[in-house]
1. Of all strands (runs of 3 or more DSSP E) completely enclosed by region 101-200, which ones contain at least 2 residues that are in contact (Cβ under 8 Å) with a residue 40 or more places away in the chain?
2. Go through (1) more than 25 Å from residue 504 (Cα to Cα); (2) surrounded by fewer than 17 Cβ atoms within 10 Å (Cβ to Cβ); (3) touching a residue at least 12 places away in the same chain (Cβ under 8 Å) and name the single condition residue 52 misses.
3. Collect the residues in region 490-509 that are farther than 16 Å from residue 287 by Cα and in a loop (DSSP other than H, G, I, E, B), keeping them in residue-number order.
4. So which residues in region 470-480 are without any contact (Cβ under 8 Å) to a residue 60 or more places away in the chain and in contact with a helix residue (DSSP H, G or I) (Cβ under 6 Å, 6 or more places away or on another chain), if there are any at all?
5. Could you please let me know if residue 82 is at pLDDT 95 or above and surrounded by 22 or more Cβ atoms within 10 Å (Cβ to Cβ)?
6. State all residues of region 311-327 that are out of contact with any strand residue (DSSP E or B) (no Cβ under 7 Å at 6 or more places or on another chain) and either surrounded by fewer than 20 Cβ atoms within 10 Å (Cβ to Cβ) or closer than 12 Å to residue 494 by Cα (or both); if no residue qualifies, say none.
7. For residue 460, only one of the following conditions fails: (1) surrounded by fewer than 23 Cβ atoms within 10 Å (Cβ to Cβ); (2) closer than 21 Å to residue 59 by Cβ. What is its number?
(Lines give C-alpha, C1' and ligand atoms only; values in the text may rest on other atoms or scores of the structure.)
Protein backbone atom coordinates (compact mmCIF):
# COMPACT_ATOMS: atom_id res chain seq x y z
CA UNK A 1 0.00 0.00 0.00
CA UNK A 2 3.04 2.27 0.12
CA UNK A 3 5.47 3.78 2.63
CA UNK A 4 4.40 4.99 6.06
CA UNK A 5 4.84 8.59 4.91
CA UNK A 6 2.57 7.99 1.93
CA UNK A 7 -0.02 6.27 4.12
CA UNK A 8 0.01 9.21 6.57
CA UNK A 9 -0.57 11.61 3.70
CA UNK A 10 -3.47 9.56 2.32
CA UNK A 11 -5.12 9.27 5.72
CA UNK A 12 -4.70 12.98 6.36
CA UNK A 13 -6.30 13.81 3.01
CA UNK A 14 -9.14 11.35 3.53
CA UNK A 15 -8.04 9.16 0.61
CA UNK A 16 -8.05 6.05 2.85
CA UNK A 17 -9.86 5.29 6.08
CA UNK A 18 -8.35 4.37 9.46
CA UNK A 19 -8.73 0.62 8.86
CA UNK A 20 -6.78 0.73 5.58
CA UNK A 21 -4.16 2.94 7.18
CA UNK A 22 -3.64 0.46 10.04
CA UNK A 23 -3.34 -2.45 7.61
CA UNK A 24 -0.82 -0.62 5.46
CA UNK A 25 1.20 0.71 8.42
CA UNK A 26 1.54 -2.77 9.91
CA UNK A 27 2.58 -4.14 6.52
CA UNK A 28 5.18 -1.34 6.29
CA UNK A 29 6.75 -2.52 9.56
CA UNK A 30 5.17 -0.20 12.15
CA UNK A 31 4.05 -1.68 15.48
CA UNK A 32 0.37 -1.56 16.38
CA UNK A 33 1.03 1.05 19.08
CA UNK A 34 2.94 3.35 16.73
CA UNK A 35 0.39 2.95 13.92
CA UNK A 36 -2.52 3.60 16.30
CA UNK A 37 -0.85 6.72 17.74
CA UNK A 38 -0.22 8.13 14.25
CA UNK A 39 -3.77 7.37 13.14
CA UNK A 40 -5.21 9.07 16.23
CA UNK A 41 -3.12 12.23 15.77
CA UNK A 42 -4.00 12.49 12.08
CA UNK A 43 -7.68 11.83 12.72
CA UNK A 44 -7.76 14.80 15.08
CA UNK A 45 -6.31 17.00 12.35
CA UNK A 46 -8.53 15.81 9.50
CA UNK A 47 -9.72 18.68 7.28
CA UNK A 48 -13.04 20.16 8.36
CA UNK A 49 -15.57 21.83 6.11
CA UNK A 50 -16.72 25.36 6.70
CA UNK A 51 -15.64 28.96 6.94
CA UNK A 52 -15.00 31.91 4.66
CA UNK A 53 -11.44 31.84 3.31
CA UNK A 54 -9.84 35.09 2.13
CA UNK A 55 -6.52 35.15 0.30
CA UNK A 56 -4.32 37.93 -1.05
CA UNK A 57 -3.12 37.11 -4.56
CA UNK A 58 -0.66 38.73 -6.94
CA UNK A 59 -0.68 38.76 -10.73
CA UNK A 60 -4.09 40.31 -11.34
CA UNK A 61 -5.16 43.16 -13.58
CA UNK A 62 -8.13 45.04 -14.98
CA UNK A 63 -7.68 43.12 -18.23
CA UNK A 64 -8.39 39.75 -16.58
CA UNK A 65 -11.15 37.69 -18.18
CA UNK A 66 -12.78 34.34 -17.44
CA UNK A 67 -11.60 32.90 -20.75
CA UNK A 68 -8.96 30.32 -19.72
CA UNK A 69 -7.23 30.86 -23.06
CA UNK A 70 -6.36 34.39 -21.92
CA UNK A 71 -5.20 33.55 -18.40
CA UNK A 72 -1.91 35.35 -17.86
CA UNK A 73 -0.85 35.25 -14.23
CA UNK A 74 -1.34 34.03 -10.68
CA UNK A 75 -4.70 35.55 -9.83
CA UNK A 76 -6.63 33.99 -12.70
CA UNK A 77 -4.65 30.73 -12.59
CA UNK A 78 -5.76 30.27 -8.99
CA UNK A 79 -9.38 31.29 -9.61
CA UNK A 80 -9.91 29.60 -12.97
CA UNK A 81 -7.88 26.39 -12.71
CA UNK A 82 -7.75 26.07 -8.93
CA UNK A 83 -11.34 26.85 -8.02
CA UNK A 84 -13.77 27.06 -10.93
CA UNK A 85 -12.63 24.34 -13.28
CA UNK A 86 -10.82 21.04 -13.68
CA UNK A 87 -8.49 19.59 -16.31
CA UNK A 88 -8.29 16.12 -17.79
CA UNK A 89 -5.23 15.53 -15.62
CA UNK A 90 -3.48 17.27 -12.75
CA UNK A 91 -0.09 17.29 -11.03
CA UNK A 92 -0.42 15.81 -7.55
CA UNK A 93 1.39 16.91 -4.38
CA UNK A 94 3.97 14.20 -5.10
CA UNK A 95 4.79 15.81 -8.47
CA UNK A 96 3.28 12.93 -10.42
CA UNK A 97 0.58 13.10 -13.08
CA UNK A 98 -2.84 11.79 -12.08
CA UNK A 99 -6.34 11.76 -13.51
CA UNK A 100 -8.75 14.58 -12.85
CA UNK A 101 -11.73 14.61 -15.26
CA UNK A 102 -10.04 11.76 -17.12
CA UNK A 103 -10.28 8.55 -15.14
CA UNK A 104 -7.61 6.86 -17.27
CA UNK A 105 -5.83 7.14 -20.62
CA UNK A 106 -4.05 4.88 -23.09
CA UNK A 107 -1.61 5.71 -25.88
CA UNK A 108 -1.05 3.92 -29.13
CA UNK A 109 2.28 2.10 -29.44
CA UNK A 110 3.85 5.13 -31.12
CA UNK A 111 2.23 7.63 -28.69
CA UNK A 112 0.55 9.39 -31.63
CA UNK A 113 -3.02 8.57 -30.55
CA UNK A 114 -4.29 9.04 -27.01
CA UNK A 115 -7.63 7.83 -25.67
CA UNK A 116 -8.97 9.53 -22.53
CA UNK A 117 -11.70 7.76 -20.55
CA UNK A 118 -13.82 10.35 -18.76
CA UNK A 119 -15.36 10.19 -15.31
CA UNK A 120 -19.08 9.59 -15.42
CA UNK A 121 -21.68 11.70 -13.65
CA UNK A 122 -19.59 14.87 -13.28
CA UNK A 123 -21.73 18.03 -13.41
CA UNK A 124 -20.92 21.57 -14.50
CA UNK A 125 -22.06 24.39 -12.23
CA UNK A 126 -24.97 25.03 -14.60
CA UNK A 127 -26.30 21.50 -14.08
CA UNK A 128 -25.12 20.11 -17.42
CA UNK A 129 -23.46 16.68 -17.27
CA UNK A 130 -19.85 16.77 -18.48
CA UNK A 131 -19.40 14.67 -21.62
CA UNK A 132 -16.86 14.08 -24.38
CA UNK A 133 -18.23 16.90 -26.55
CA UNK A 134 -17.41 19.40 -23.78
CA UNK A 135 -13.80 18.20 -23.73
CA UNK A 136 -13.58 18.42 -27.53
CA UNK A 137 -14.97 21.99 -27.50
CA UNK A 138 -12.65 23.03 -24.68
CA UNK A 139 -9.48 21.75 -26.37
CA UNK A 140 -10.52 23.07 -29.77
CA UNK A 141 -10.95 26.53 -28.21
CA UNK A 142 -7.15 26.77 -28.15
CA UNK A 143 -6.59 25.55 -31.71
CA UNK A 144 -6.75 27.20 -35.10
CA UNK A 145 -5.37 30.37 -36.61
CA UNK A 146 -7.98 32.67 -35.05
CA UNK A 147 -7.49 31.50 -31.46
CA UNK A 148 -6.22 34.01 -28.91
CA UNK A 149 -5.02 31.25 -26.64
CA UNK A 150 -1.69 31.38 -24.88
CA UNK A 151 -1.77 27.57 -25.05
CA UNK A 152 -1.68 27.58 -28.84
CA UNK A 153 1.89 26.27 -28.80
CA UNK A 154 0.91 23.38 -26.51
CA UNK A 155 -1.99 22.17 -28.66
CA UNK A 156 -0.32 22.90 -32.00
CA UNK A 157 0.81 19.24 -32.40
CA UNK A 158 -2.83 18.06 -32.16
CA UNK A 159 -4.03 16.85 -35.54
CA UNK A 160 -7.57 15.85 -34.58
CA UNK A 161 -9.84 15.56 -31.53
CA UNK A 162 -13.07 13.62 -31.55
CA UNK A 163 -15.62 12.16 -29.17
CA UNK A 164 -16.05 8.38 -29.11
CA UNK A 165 -19.43 8.21 -27.41
CA UNK A 166 -20.19 10.31 -24.34
CA UNK A 167 -17.34 9.19 -22.10
CA UNK A 168 -14.32 8.81 -24.35
CA UNK A 169 -12.15 11.35 -26.20
CA UNK A 170 -9.63 10.40 -28.88
CA UNK A 171 -6.74 12.77 -29.60
CA UNK A 172 -4.54 12.24 -32.64
CA UNK A 173 -1.18 14.03 -32.73
CA UNK A 174 1.02 14.95 -35.68
CA UNK A 175 3.80 12.91 -34.08
CA UNK A 176 4.42 10.80 -31.02
CA UNK A 177 4.47 12.55 -27.63
CA UNK A 178 5.01 10.49 -24.50
CA UNK A 179 4.35 13.60 -22.36
CA UNK A 180 0.90 14.40 -23.71
CA UNK A 181 -1.02 13.56 -20.47
CA UNK A 182 1.17 16.15 -18.71
CA UNK A 183 0.33 18.80 -21.28
CA UNK A 184 -3.43 18.59 -20.78
CA UNK A 185 -2.90 19.56 -17.12
CA UNK A 186 -1.95 23.08 -18.29
CA UNK A 187 -4.06 25.72 -16.55
CA UNK A 188 -5.32 27.09 -19.86
CA UNK A 189 -6.77 23.72 -20.85
CA UNK A 190 -9.53 23.60 -18.26
CA UNK A 191 -12.78 21.99 -19.31
CA UNK A 192 -15.83 24.22 -19.80
CA UNK A 193 -19.33 23.46 -21.13
CA UNK A 194 -19.85 23.24 -24.89
CA UNK A 195 -22.32 25.49 -26.69
CA UNK A 196 -24.77 23.99 -29.15
CA UNK A 197 -22.58 25.14 -32.06
CA UNK A 198 -19.58 23.23 -30.67
CA UNK A 199 -17.79 26.27 -29.28
CA UNK A 200 -16.74 26.60 -25.63
CA UNK A 201 -18.85 28.58 -23.14
CA UNK A 202 -16.53 30.47 -20.81
CA UNK A 203 -18.24 33.81 -20.09
CA UNK A 204 -20.34 32.51 -17.18
CA UNK A 205 -17.33 30.99 -15.45
CA UNK A 206 -19.12 27.65 -15.24
CA UNK A 207 -16.87 24.65 -14.73
CA UNK A 208 -16.74 21.37 -12.81
CA UNK A 209 -14.54 22.75 -10.00
CA UNK A 210 -15.01 22.87 -6.27
CA UNK A 211 -16.36 26.42 -6.21
CA UNK A 212 -19.05 28.35 -8.09
CA UNK A 213 -18.54 31.96 -9.18
CA UNK A 214 -20.65 34.59 -7.42
CA UNK A 215 -18.93 37.87 -8.30
CA UNK A 216 -15.93 38.84 -10.43
CA UNK A 217 -14.34 42.29 -10.57
CA UNK A 218 -11.24 42.16 -12.82
CA UNK A 219 -8.19 43.55 -11.08
CA UNK A 220 -10.03 43.69 -7.75
CA UNK A 221 -11.55 40.44 -6.49
CA UNK A 222 -13.40 37.21 -7.19
CA UNK A 223 -15.92 35.68 -4.79
CA UNK A 224 -16.99 32.04 -4.95
CA UNK A 225 -19.06 29.58 -2.93
CA UNK A 226 -18.62 25.84 -2.47
CA UNK A 227 -20.02 23.63 -5.21
CA UNK A 228 -22.48 21.34 -3.38
CA UNK A 229 -22.24 18.78 -6.19
CA UNK A 230 -18.46 18.64 -6.45
CA UNK A 231 -17.41 15.23 -7.70
CA UNK A 232 -14.19 15.05 -5.67
CA UNK A 233 -14.52 13.60 -2.20
CA UNK A 234 -12.62 15.26 0.66
CA UNK A 235 -11.88 18.42 -1.27
CA UNK A 236 -13.07 22.05 -1.43
CA UNK A 237 -13.57 22.38 2.33
CA UNK A 238 -14.35 26.09 2.61
CA UNK A 239 -17.93 27.34 2.48
CA UNK A 240 -16.73 30.27 0.39
CA UNK A 241 -13.55 31.80 -1.00
CA UNK A 242 -12.74 35.46 -1.50
CA UNK A 243 -9.75 36.25 -3.72
CA UNK A 244 -8.29 39.75 -3.41
CA UNK A 245 -5.74 41.17 -5.83
CA UNK A 246 -3.14 42.91 -3.65
CA UNK A 247 -0.13 43.82 -5.78
CA UNK A 248 2.02 45.33 -3.03
CA UNK A 249 3.87 42.85 -0.81
CA UNK A 250 3.74 45.21 2.16
CA UNK A 251 -0.02 45.62 1.83
CA UNK A 252 -0.47 41.83 1.62
CA UNK A 253 1.69 41.36 4.70
CA UNK A 254 -0.24 43.94 6.71
CA UNK A 255 -3.52 42.37 5.65
CA UNK A 256 -2.31 38.98 6.89
CA UNK A 257 -1.04 40.39 10.17
CA UNK A 258 -4.32 42.19 10.84
CA UNK A 259 -6.43 39.14 9.98
CA UNK A 260 -8.03 40.66 6.88
CA UNK A 261 -6.72 37.73 4.82
CA UNK A 262 -5.82 34.17 5.76
CA UNK A 263 -2.91 33.59 3.37
CA UNK A 264 -0.58 35.23 0.88
CA UNK A 265 2.19 34.32 -1.53
CA UNK A 266 5.25 36.18 -2.85
CA UNK A 267 6.54 37.44 0.48
CA UNK A 268 8.72 40.48 0.83
CA UNK A 269 12.00 38.69 1.50
CA UNK A 270 13.43 41.80 3.15
CA UNK A 271 10.96 41.46 6.01
CA UNK A 272 10.22 37.73 6.03
CA UNK A 273 12.37 37.24 9.14
CA UNK A 274 10.02 39.59 10.99
CA UNK A 275 6.96 37.73 9.75
CA UNK A 276 8.39 34.46 11.08
CA UNK A 277 8.29 35.93 14.59
CA UNK A 278 4.50 36.39 14.47
CA UNK A 279 2.96 33.78 16.78
CA UNK A 280 -0.24 33.40 14.73
CA UNK A 281 1.43 33.13 11.30
CA UNK A 282 3.14 30.19 9.59
CA UNK A 283 5.75 30.90 6.88
CA UNK A 284 6.62 28.18 4.39
CA UNK A 285 8.47 27.97 1.04
CA UNK A 286 8.15 25.38 -1.72
CA UNK A 287 10.89 24.60 -4.21
CA UNK A 288 10.29 23.81 -7.87
CA UNK A 289 11.09 25.21 -11.30
CA UNK A 290 10.02 28.82 -10.77
CA UNK A 291 12.50 31.18 -12.37
CA UNK A 292 12.96 34.82 -13.29
CA UNK A 293 13.64 35.83 -16.89
CA UNK A 294 14.73 39.00 -18.67
CA UNK A 295 13.53 38.39 -22.24
CA UNK A 296 14.97 40.43 -25.12
CA UNK A 297 12.91 40.67 -28.32
CA UNK A 298 15.34 38.87 -30.60
CA UNK A 299 13.53 39.62 -33.85
CA UNK A 300 14.59 43.30 -33.92
CA UNK A 301 17.75 45.38 -33.29
CA UNK A 302 19.73 45.44 -31.12
CA UNK A 303 18.71 42.09 -29.62
CA UNK A 304 18.73 40.26 -32.96
CA UNK A 305 22.53 40.27 -32.53
CA UNK A 306 23.63 37.33 -30.36
CA UNK A 307 26.77 39.19 -29.28
CA UNK A 308 24.54 41.83 -27.70
CA UNK A 309 22.63 39.10 -25.88
CA UNK A 310 25.85 37.44 -24.71
CA UNK A 311 27.26 40.76 -23.50
CA UNK A 312 24.20 41.25 -21.30
CA UNK A 313 24.35 37.65 -20.05
CA UNK A 314 27.95 38.06 -18.91
CA UNK A 315 27.26 41.48 -17.33
CA UNK A 316 24.81 40.21 -14.70
CA UNK A 317 26.04 39.16 -11.26
CA UNK A 318 23.76 36.21 -10.53
CA UNK A 319 25.29 35.33 -7.16
CA UNK A 320 24.67 38.86 -5.91
CA UNK A 321 21.03 38.59 -6.98
CA UNK A 322 20.63 35.21 -5.29
CA UNK A 323 22.09 36.58 -2.04
CA UNK A 324 20.42 39.99 -1.99
CA UNK A 325 17.14 39.61 -3.85
CA UNK A 326 15.88 36.19 -2.74
CA UNK A 327 18.07 35.85 0.37
CA UNK A 328 19.46 32.53 -0.84
CA UNK A 329 15.97 31.05 -1.36
CA UNK A 330 16.74 29.45 -4.71
CA UNK A 331 19.72 28.76 -6.95
CA UNK A 332 21.69 30.40 -9.75
CA UNK A 333 20.08 30.52 -13.17
CA UNK A 334 22.15 29.62 -16.22
CA UNK A 335 20.09 30.91 -19.17
CA UNK A 336 18.22 27.62 -19.49
CA UNK A 337 14.64 27.20 -18.19
CA UNK A 338 15.07 23.51 -17.30
CA UNK A 339 14.92 23.44 -13.51
CA UNK A 340 15.80 21.21 -10.57
CA UNK A 341 12.48 19.35 -10.76
CA UNK A 342 12.94 18.33 -14.42
CA UNK A 343 14.34 14.86 -15.13
CA UNK A 344 16.45 15.75 -18.19
CA UNK A 345 18.26 18.74 -16.72
CA UNK A 346 21.85 19.13 -17.91
CA UNK A 347 24.52 18.51 -15.27
CA UNK A 348 27.04 21.14 -14.21
CA UNK A 349 29.63 19.30 -16.32
CA UNK A 350 27.40 19.30 -19.39
CA UNK A 351 26.38 22.94 -18.94
CA UNK A 352 28.93 24.88 -16.86
CA UNK A 353 27.62 27.85 -14.92
CA UNK A 354 28.02 31.15 -16.79
CA UNK A 355 30.07 33.48 -14.55
CA UNK A 356 29.84 37.22 -14.05
CA UNK A 357 32.58 38.34 -16.45
CA UNK A 358 32.70 42.06 -17.37
CA UNK A 359 35.66 41.50 -19.71
CA UNK A 360 33.76 38.95 -21.79
CA UNK A 361 30.77 41.28 -21.78
CA UNK A 362 33.01 44.06 -23.15
CA UNK A 363 34.34 41.70 -25.82
CA UNK A 364 30.90 40.75 -27.11
CA UNK A 365 29.60 44.33 -26.92
CA UNK A 366 32.56 45.56 -28.99
CA UNK A 367 32.07 42.70 -31.46
CA UNK A 368 28.42 43.73 -31.83
CA UNK A 369 29.39 47.35 -32.40
CA UNK A 370 26.86 48.57 -29.83
CA UNK A 371 27.22 51.71 -27.69
CA UNK A 372 26.17 49.92 -24.50
CA UNK A 373 23.02 51.93 -23.71
CA UNK A 374 19.86 49.91 -22.95
CA UNK A 375 16.42 50.30 -21.36
CA UNK A 376 14.99 47.52 -19.18
CA UNK A 377 11.25 47.73 -18.43
CA UNK A 378 10.28 46.34 -15.03
CA UNK A 379 7.48 46.36 -12.47
CA UNK A 380 7.14 44.74 -9.06
CA UNK A 381 4.76 42.17 -10.55
CA UNK A 382 7.36 40.97 -13.08
CA UNK A 383 8.92 38.75 -10.39
CA UNK A 384 9.76 39.05 -6.69
CA UNK A 385 12.23 41.87 -6.21
CA UNK A 386 12.27 42.67 -9.94
CA UNK A 387 12.93 46.40 -9.62
CA UNK A 388 15.64 45.90 -6.97
CA UNK A 389 17.17 43.17 -9.15
CA UNK A 390 17.22 45.61 -12.05
CA UNK A 391 19.07 48.18 -9.96
CA UNK A 392 21.68 45.59 -8.96
CA UNK A 393 22.06 44.68 -12.60
CA UNK A 394 22.71 48.29 -13.59
CA UNK A 395 25.58 48.42 -11.11
CA UNK A 396 27.20 45.13 -12.15
CA UNK A 397 26.88 46.06 -15.84
CA UNK A 398 28.79 49.34 -15.41
CA UNK A 399 32.05 47.39 -15.08
CA UNK A 400 31.50 46.20 -18.66
CA UNK A 401 30.79 49.70 -19.97
CA UNK A 402 27.08 48.91 -20.19
CA UNK A 403 24.55 51.54 -19.11
CA UNK A 404 21.13 50.06 -18.28
CA UNK A 405 18.28 52.47 -17.56
CA UNK A 406 15.47 50.90 -15.54
CA UNK A 407 12.05 52.04 -16.75
CA UNK A 408 9.62 51.42 -13.91
CA UNK A 409 6.22 50.37 -15.26
CA UNK A 410 2.89 50.19 -13.39
CA UNK A 411 1.83 46.80 -12.06
CA UNK A 412 -1.66 47.13 -13.49
CA UNK A 413 -1.56 46.23 -17.14
CA UNK A 414 2.08 45.12 -17.07
CA UNK A 415 1.33 41.71 -18.59
CA UNK A 416 -0.81 43.15 -21.38
CA UNK A 417 1.05 46.40 -22.11
CA UNK A 418 4.73 45.72 -21.39
CA UNK A 419 5.50 42.00 -21.48
CA UNK A 420 5.80 40.67 -25.07
CA UNK A 421 5.72 44.27 -26.32
CA UNK A 422 8.67 46.22 -24.92
CA UNK A 423 12.10 45.31 -26.36
CA UNK A 424 13.49 44.22 -22.97
CA UNK A 425 11.43 43.43 -19.89
CA UNK A 426 11.12 41.10 -16.90
CA UNK A 427 9.04 38.01 -16.42
CA UNK A 428 8.81 34.79 -14.43
CA UNK A 429 7.71 31.24 -15.09
CA UNK A 430 6.34 28.55 -12.81
CA UNK A 431 7.06 24.89 -12.99
CA UNK A 432 6.34 23.08 -16.20
CA UNK A 433 6.90 19.43 -15.30
CA UNK A 434 8.41 18.40 -18.64
CA UNK A 435 11.08 19.83 -20.91
CA UNK A 436 8.84 19.56 -23.96
CA UNK A 437 6.19 21.66 -22.27
CA UNK A 438 8.39 24.61 -21.39
CA UNK A 439 10.26 24.50 -24.70
CA UNK A 440 7.04 24.29 -26.72
CA UNK A 441 5.24 27.07 -24.87
CA UNK A 442 8.03 29.61 -24.48
CA UNK A 443 10.87 28.92 -26.93
CA UNK A 444 9.47 27.21 -30.02
CA UNK A 445 8.85 29.01 -33.28
CA UNK A 446 5.42 30.62 -33.42
CA UNK A 447 4.49 29.97 -29.78
CA UNK A 448 2.27 32.79 -28.52
CA UNK A 449 4.29 33.01 -25.31
CA UNK A 450 7.68 32.98 -27.01
CA UNK A 451 8.53 36.01 -24.90
CA UNK A 452 11.83 36.76 -26.65
CA UNK A 453 10.43 36.17 -30.17
CA UNK A 454 13.40 33.83 -30.57
CA UNK A 455 13.69 31.65 -33.67
CA UNK A 456 16.21 28.84 -34.03
CA UNK A 457 15.84 26.27 -36.80
CA UNK A 458 17.92 23.52 -35.19
CA UNK A 459 16.24 23.98 -31.82
CA UNK A 460 12.80 23.57 -33.39
CA UNK A 461 13.94 20.47 -35.26
CA UNK A 462 15.34 18.90 -32.08
CA UNK A 463 12.11 19.71 -30.24
CA UNK A 464 10.11 17.55 -32.62
CA UNK A 465 12.69 14.76 -32.48
CA UNK A 466 12.77 14.68 -28.68
CA UNK A 467 9.00 14.68 -28.39
CA UNK A 468 8.70 11.47 -30.40
CA UNK A 469 11.76 9.73 -28.93
CA UNK A 470 10.71 7.03 -26.46
CA UNK A 471 14.26 5.94 -25.50
CA UNK A 472 15.07 7.95 -22.30
CA UNK A 473 18.84 8.06 -22.97
CA UNK A 474 18.44 9.35 -26.51
CA UNK A 475 15.78 11.79 -25.39
CA UNK A 476 18.00 13.12 -22.65
CA UNK A 477 20.88 13.71 -25.07
CA UNK A 478 18.59 15.79 -27.30
CA UNK A 479 17.30 17.87 -24.40
CA UNK A 480 20.82 18.56 -23.15
CA UNK A 481 21.78 19.81 -26.62
CA UNK A 482 18.71 22.07 -26.62
CA UNK A 483 19.68 23.51 -23.23
CA UNK A 484 23.13 24.31 -24.60
CA UNK A 485 21.61 26.10 -27.57
CA UNK A 486 19.44 28.24 -25.29
CA UNK A 487 22.37 28.95 -22.99
CA UNK A 488 24.59 30.12 -25.84
CA UNK A 489 22.10 31.68 -28.26
CA UNK A 490 18.74 32.13 -26.51
CA UNK A 491 16.95 35.45 -26.19
CA UNK A 492 16.32 35.34 -22.43
CA UNK A 493 18.61 35.98 -19.50
CA UNK A 494 17.64 33.59 -16.69
CA UNK A 495 19.40 34.86 -13.58
CA UNK A 496 17.63 32.90 -10.83
CA UNK A 497 15.52 29.93 -9.84
CA UNK A 498 13.38 31.04 -6.91
CA UNK A 499 11.43 29.32 -4.17
CA UNK A 500 7.71 29.97 -3.94
CA UNK A 501 7.22 31.84 -0.67
CA UNK A 502 4.00 31.77 1.36
CA UNK A 503 2.56 32.71 4.70
CA UNK A 504 -0.77 31.79 6.26
CA UNK A 505 -2.68 32.26 9.46
CA UNK A 506 -2.33 29.35 11.85
CA UNK A 507 -6.10 29.09 11.58
CA UNK A 508 -5.40 27.41 8.22
CA UNK A 509 -4.55 23.71 8.29
CA UNK A 510 -1.96 22.89 5.65
CA UNK A 511 -1.53 19.41 4.16
CA UNK A 512 1.56 17.41 5.03
CA UNK A 513 2.68 17.40 1.40
CA UNK A 514 2.12 20.26 -1.03
CA UNK A 515 2.61 20.50 -4.76
CA UNK A 516 5.55 22.61 -5.94
CA UNK A 517 4.76 22.86 -9.66
CA UNK A 518 3.17 26.23 -8.88
CA UNK A 519 2.81 28.45 -5.86
CA UNK A 520 -0.03 27.90 -3.38
CA UNK A 521 0.02 24.11 -3.49
CA UNK A 522 0.04 24.03 -7.27
CA UNK A 523 -2.72 26.71 -7.18
CA UNK A 524 -5.00 24.09 -5.62
CA UNK A 525 -4.92 25.60 -2.13
CA UNK A 526 -8.62 26.52 -2.07
CA UNK A 527 -9.37 22.88 -2.81
CA UNK A 528 -6.78 21.23 -0.55
CA UNK A 529 -6.52 23.52 2.49
CA UNK A 530 -9.05 23.99 5.28
CA UNK A 531 -9.58 25.72 8.59
CA UNK A 532 -8.04 23.92 11.54
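1. 102-107, 113-118, 168-173
2. (1)
3. Passing the criteria: 490, 491, 506, 507.
4. 478 - this is the single residue of region 470-480 that is without any contact (Cβ under 8 Å) to a residue 60 or more places away in the chain and in contact with a helix residue (DSSP H, G or I) (Cβ under 6 Å, 6 or more places away or on another chain).
5. Yes.
6. Once the filter is applied, which keeps residues that are out of contact with any strand residue (DSSP E or B) (no Cβ under 7 Å at 6 or more places or on another chain) and either surrounded by fewer than 20 Cβ atoms within 10 Å (Cβ to Cβ) or closer than 12 Å to residue 494 by Cα (or both), region 311-327 yields 314, 317, 320, 323, 324, 327.
7. It is condition (2) that residue 460 fails.
For every residue, the table says whether it meets (1) within 25 Å of residue 340 (Cβ to Cβ); (2) in contact with a helix residue (DSSP H, G or I) (Cβ under 9 Å, 6 or more places away or on another chain).
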site	(1), (2)
222	no, yes
229	no, no
237	no, yes
243	no, yes
253	no, yes
261	no, yes
290	yes, yes
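The values are calculated or read from the model by the stated rules, or taken from the named source; none is laboratory data. Just so it is clear, the model here is predicted, and its values are computed rather than measured. Counting neighbours? That spans all protein chains shown, and the Cβs are built from the backbone with ideal geometry, glycine included.
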